[in-house]
1. In region 1-59, which chymotrypsin sites (Phe, Trp or Tyr not before Pro) are in a loop and have at most 13 other Cβ atoms within 10 Å, using DSSP for the loop call?
2. Which GluC sites (Glu not before Pro) does the chain hold that lie in a coil by DSSP with at most 16 other beta carbons within 10 Å?
3. Stretched out fully, how many nm does the piece from Tyr59 to Glu46 gain, at 0.36 nm a residue minus the Cα gap?
4. For the chain, take the alpha-carbon Rg, divide it by the Kirkwood Rh, and send me Rg/Rh.
5. About the Cα centre of the chain, what is the dipole size in debye to 20, counting +1 per Lys and Arg Cβ and -1 per Asp and Glu Cβ, all else neutral?
Amino acid sequence: HLPALKSVVLAALSDYTEEMVVGREARKLLAADIQSVMNEKLEELEGFGGIEEVMFTSYVMQ
């Protein structure tokens, strides 16, 4: 289901501006949003979520 998950993550990211993701708390909210959309898609496809946490290994804004 990787293509479907990538799609929902990219859609969620496109809703954010640079100003909205600056700072630790903002990144926590972004991670929670990504977790939520991924779990929604997994529930739709598999009947259960399963994403417990989203962690960033790197963070680049362009």
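1. Phe48, Phe56, Tyr59
2. Glu52, Glu53
3. 1.7 nm
4. That ratio equals 0.98.
5. Values: 5 positive and 11 negative charges, 45 e Å.
My answer is approximately 220 debye.
Computed from the coordinates by the stated procedures, all read-outs in this text should not be read as laboratory data. Everything numeric here is computed off the predicted structure, so don't read it as measured data. Every residue, glycine as well, gets a Cβ built from its backbone with ideal geometry; the counts of neighbours run over all protein chains shown.
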